[in-house]
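Colleague: Take this structure, written in structure tokens, and hold onto it; I'll ask about it next.
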Amino acid sequence: MVTSSAYSHPTLNTLTPGALFRQYKLLEQIGVGGQGVVWSALHETQKCIYAIKFNEVPDTNEGEADEIRDEYQLAKLVTLDHPHILPLEEYGFEERIRFTVSPYLSGGTLTEKIKPGHLSFDEILRYGAEVASALDYLHGQGIIHRDLKSSNILLDTSNNAYLADFGLARIVSASTMAFHTGHGTPPYAPPEQIQLKAITPKSDVFSFGILLYELFTGQLPWGGKRQLGMEQTHSRAEIPNPCEFNDALPAAIWDIFRRVTSATPGERPNSTGEVMKMMYYLFKTPPESQIKPGIKNKATICDRDAEELLKSGLSKWETSNGVYNLGLTRFALIDLYRSKINTDIYGKFVLSQAINYGYNDDEWWTIVNNPKDRLMVSSLLLGKNNDAITARIIEHLKSEVNTNALPKGLPNSITISLLETGIKTDNVFLRKEIFDGIRTLTRQRNEWDDRLLQPSQLKRLGDLAIEDSDIGDTTAELIGHLRSPSAIKAILKYKDDERKMAALSLIQKVAGSLPTDVQADMRLRLSMSWIVYRLTQRPVSLASAYILAFFGAALGVGIQVYFTYNFPSFLDTVRLTTSLEQGLIIGAIFGLGIFSTRVIVERFQSSNAFLRIALGTCTGLIGLNICLLIFHILFVSTPPKGFSITVACLLIALGFAISGLIRSRLLRMILSSFSVFAAILGTWWIHINFAASPVDLTPVFRYDYSWPLTQIALIASVIAVSIGIFGNLIDLSIIEN
């Protein structure tokens, strides 16, 4: 099939991975030669991998003539149908580019199989028989290959051979003469091709003889340093004796090779099939047992190759401790086989390949759903110290945190590997990504301790932190997260006091403290700066939190006053205005007590939790005690007596302090509301049961002695819910970036 296009005009230099060429997405360059380049590509509609060969056509009159001849040749080649000829699926021209499309085979080339003593005679005869049958078919169609060599014989994973690369093939005609025959690969080319003389099918017979010699001996004649065809242009040179390189060969095989590679075409056998008959006779092998039928169905080839690649790839990957890589094209072929892959067996191996090449790795990360398997693969890949791979792993691991797949945080081994990569890389963007990723993926240390890190890493962190740059700030924040005393020692040796203080300030903002290695006066200055920073950061949220706490307390106090005010009319104006007045005055102070407790507990979350609760509770206790003292003196006209109010304020402050450690806002509200409810109802119960007089053991709020406890509990619950909900609506915590 020939196609053309008016919208794309590529050159060989503009072909890049991921680019679209017609309906193909280019994967990688898999071959290069004097005649062009070969790229693997994914057909996005058919979901199949192809090999596309690109050749530049010279911008000359002769080039235009070649293009016309090429189109005629390709139109003939695309109709070829033989089980051991790689089919030509499509061809066409784009400006000065000629392209041909063939199925991709993952078994490599025959060249890769040729090693001294590597192939058995049976294998050699089978390969020879398959290539010979393909060549004889070509010659029967009037086509000469002209570039037969081991690298143009492709294999599938079952070691079936396929004759490929027809870039130099020509249809035999009266014009098959000198001006277009001076091509080929010198070690394989016959003398007539080198001398630009007429070529015939016997020219391919010569090249086939060189190929067989290479298969039997494991090398080209004279090791490729001399070319037989070139020698024969000025002499009657003969091919070296193959028995000198493989003493297991029959002595008579040299006579066959000398005849097949004769300088005179007329002395050569008439066909490659005739050559193979001689070989069958020599090795006493039945010819019918040598040819294995190739598989012509592309889908079957792809599925079978994917299965074989998975099996062999997993074995090599495991024995190499995760170092082995399939190659992007082979992995793309496996990826097409995705729905049939047993992830229990192959999941980790396939995921490692996906991340290694950045090919559908997001999907494979999800498919391999065991977090331990994903971490194992990540750990292996980090050992490659590849920036692109590391960046991909960081992004995937961040998704683990977002989905709570790593409840215990990142393992120390991976943290150390990431840190090592971040320190060594010259890519400042990747370094920042890694350092930020470590903070996201690991839990902050509770103590200043260097046991899990290496001294060289810590010193380097300190050196990076004193850089007056964005990465310096990021490193300082990481040191605070890791709580590394050694890194801080490196910073303290720095002479620039301004930058040193800036770095230490960032460390303290994250860690909440500094180790004892930092001088007391410096710690004091930094601590004061840090406290001010914490107390003033996000001022809008601070103001909003206080306003809502004030509103909730004012509403609660107002409800209390309204329901207990001694006026006969329920909707009395005085009752309404009194409730509003007392609610606003007391609510302002009560809300401040709640607000101050929450600020201390939630704004300093990097500090010791017990210390925050204690300090927050004491601050709230003082504020709430003052508030209720004012309430009883101004509006009840009876100064409070006994310990009840102090205990109640302690209970309320403690409830809000502990709730500040809880992430769930709903649980915060419930705990806070319960502490207020318990304080109100508890002090009233103590008062009515243990007070010697109406003024002893003063409760938080007073109620009519005739009221049942259920009525009081209902009012207390309304007040408690109001204070608990509005007092916790705004989150005051600060998440460090």
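The values are calculated or read from the model by the stated rules, or taken from the named source; none is laboratory data. In this text, all values refer to a predicted model and were calculated from it rather than measured experimentally. Quick reminder, even Gly has a Cβ in these numbers, built from the backbone with ideal geometry, and neighbours come from all protein chains shown. For accessibility, only protein heavy atoms count, side chains too; no ligands or nucleic acids. Shrake-Rupley method; radii C 1.70, N 1.55, O 1.52, S 1.80 Å.
Colleague: Loop only by DSSP, 16 or fewer other Cβ within 10 Å of the Cβ. Give me the trypsin sites (Lys or Arg not before Pro) in the stretch 312-386 that pass, ordered by residue number. Let's see the in-between values first.
Modeller: Working: sites: K316, R330, R338, K340, K348, K372, R374, K384; in loops: K384.
Qualifying residues, ordered by number: K384.
Colleague: Additional query: Can you sort K408, K149 by solvent-accessible area, 1.4 Å probe, largest first?
Modeller: Numbers: K408 180, K149 40 Å².
From most exposed to least exposed: K408, K149.
Colleague: Specify whether the C-alpha gyration tensor of the stretch 343-445 places it in the rounded, prolate or oblate class, a ≥ b ≥ c being the square roots of the eigenvalues: rounded for a/c under 1.5, otherwise prolate if a/b is larger than b/c and oblate if not. Mind showing how you got there, number by number?
Modeller: Values: a/c = 1.85, a/b = 1.27, b/c = 1.46.
The shape class here is oblate.
Colleague: List, in order, the whole-Hz ³J(HN,Hα) value for each residue of the stretch 534-544 obtained from phi through the Karplus relation with A = 6.51, B = -1.76, C = 1.60 and θ = phi - 60°; use x for Gly and Pro.
Modeller: Karplus-based 3J(HN,Hα) across the stretch 534-544 equals 5, 6, 10, 5, 6, x, 5, 5, 4, 4, 5 Hz.
Colleague: Going through the stretch 647-737, which trypsin sites (Lys or Arg not before Pro) have at most 11 other Cβ atoms within 10 Å and a DSSP loop state? List each step's numbers first, then the result.
Modeller: On the way: sites: R663, R665, R668, R702; in loops: R663, R702.
Those that pass, being in a loop and sparsely packed, are R663.
Colleague: Any chance you could give the angle, 0 to 90 degrees and rounded to 10, that helix 121-140 forms with the longest Cα principal axis of the chain?
Modeller: Rounded to the nearest ten degrees, it is 70.
Colleague: Which shape class applies to the stretch 573-646: rounded if a/c is under 1.5, otherwise prolate when a/b exceeds b/c and oblate if not, where a ≥ b ≥ c are the square roots of the Cα gyration tensor eigenvalues? Could the numbers behind the result be given before it?
Modeller: Values: a/c = 5.05, a/b = 1.93, b/c = 2.61.
Note, shape of the stretch 573-646 comes out oblate.
Colleague: Continuing with this model, one more query. Say the dipole of the stretch 181-268 comes from +1 at the beta carbon of Lys and Arg and -1 at that of Asp and Glu; which of I239, Q227, T264 then lies farthest toward its positive end?
Modeller: Most positive-ward Cα: T264.
Colleague: What angle, in degrees between 0 and 90 and rounded to the nearest 10, separates the Cα long axis of helix 387-402 from the longest principal axis of the Cα atoms of the chain?
Modeller: For helix 387-402, the angle is close to 40 degrees.
Colleague: Related question: Tell me, what ³J(HN,Hα) does each residue in the stretch 577-586 have, in order and in whole Hz, if you take phi through Karplus 6.51 cos²θ - 1.76 cosθ + 1.60 with θ = phi - 60° and put x for Gly and Pro?
Modeller: 5, 5, 4, 5, 4, 5, x, 5, 5, 6
Colleague: Can you give the charge dipole size of the chain about its Cα centre, rounded to the nearest 20 debye, using +1 on the beta carbon of Lys and Arg and -1 on the beta carbon of Asp and Glu? Provide the component values of the computation, followed by the final result.
Modeller: Working: 69 positive and 73 negative charges, 465 e Å.
Dipole size: approximately 2240 debye.
Colleague: If you put +1 on each Lys and Arg Cβ and -1 on each Asp and Glu Cβ, how big is the dipole of the stretch 314-442 around its Cα centre, in Debye rounded to 20? Please report the intermediate quantities before stating the final value.
Modeller: On the way: 15 positive and 14 negative charges, 34 e Å.
Its charge dipole is roughly 160 debye.
Colleague: For mean projected area of the Cα convex hull in nm², pick the label among [x] 39.9; [y] 68.3; [z] 48.7 that corresponds to the value derived from the coordinates.
Modeller: [z]
Colleague: With every protein chain left in place, what is the accessible area per residue of the chain in square angstrom, probe 1.4 Å?
Modeller: It amounts to 45 Å² per residue over the chain.
Colleague: What are the chymotrypsin sites (Phe, Trp or Tyr not before Pro) within the stretch 518-619 that DSSP puts in a loop, where the Cβ has at most 16 other Cβ atoms within 10 Å? Working shown, then result.
Modeller: Working: sites: W530, Y533, Y546, F550, F551, Y562, F563, Y565, F570, F590, F595, F604, F610; in loops: Y565, F570, F604.
Listed in order of number, the matching sites are Y565, F570.
Colleague: For the chain, what is the mean residue ellipticity at 222 nm derived from helices alone (per DSSP H run of n ≥ 4: -39500 (n - 2.57); sum divided by total residues; nearest 500 deg cm²/dmol)?
Modeller: Numbers: 26 runs with 394 residues, N = 737.
About -17500 deg cm²/dmol.
Colleague: What is the distance in Å between the Cα centres of the stretch 695-727 and the stretch 392-465?
Modeller: Measuring centre to centre over Cα atoms gives 52 Å.
Colleague: Same structure again: Looking at this model, which pairs from K432/K459; K197/K225; K398/K432; K432/K495; K384/K424; K202/K277 are more than 21 angstrom apart at the alpha-carbon? Write out the running numbers ahead of the final one.
Modeller: Details: K432/K459 17 Å; K197/K225 24 Å; K398/K432 14 Å; K432/K495 25 Å; K384/K424 13 Å; K202/K277 16 Å.
Over 21 Å Cα-Cα: K197/K225; K432/K495.
Colleague: How high is the relative contact order of the chain, in percent, counting Cα pairs under 8 Å that sit 6 or more residues apart?
Modeller: Details: 1156 pairs, mean separation 49.0, N = 737.
It rounds to 7 percent for the chain.
Colleague: Continuing with the same structure: How large, in percent, is the carbon and sulfur part of the accessible surface of the chain at a probe radius of 1.4 Å? Before the final figure, lay out each step's value.
Modeller: Details: 19310 of 33270 Å².
Exposed carbon and sulfur together represent 58 percent of the surface.
Colleague: Treating cross-link reach as a plain straight distance, find the aspartates and glutamates whose alpha-carbon is under 17 Å from the alpha-carbon of K311, omitting any fewer than eight places away in the same chain.
Modeller: Excluding near neighbours in sequence, the set is D156, D303, D335, D344.
Colleague: Any lysines with Cα under 25 Å of the K284 Cα? List them, leaving off those in the same chain fewer than 8 positions away.
Modeller: Here the lysines satisfying the reach criterion relative to K284 are K113, K115, K292.
Colleague: Quick one: angle between helix 455-465 and the longest Cα principal axis of the chain, in degrees between 0 and 90, rounded to 10, please.
Modeller: Long axis of 455-465 versus the principal axis of the chain: about 70 degrees.
Colleague: Over the stretch 590-685, what is the relative contact order in whole percent, taking alpha-carbon pairs under 8 Å and six or more residues apart?
Modeller: 30 percent
Colleague: Further, regarding this structure: Answer rounded, prolate or oblate for the stretch 75-123, using the Cα gyration tensor with square roots of eigenvalues a ≥ b ≥ c: rounded when a/c is under 1.5, else prolate when a/b is larger than b/c, else oblate. Working shown, then result.
Modeller: Numbers: a/c = 3.79, a/b = 2.15, b/c = 1.76.
It is prolate, given that a/c is not under 1.5 and a/b is the larger ratio.
Colleague: Still on this structure: Report, by chain and number, residues whose modeled amide H sits under 5 Å from the one on F21, excluding near sequence neighbours (fewer than 5 apart, same chain).
Modeller: Close amide H contacts, sequence-distant or interchain: L26.
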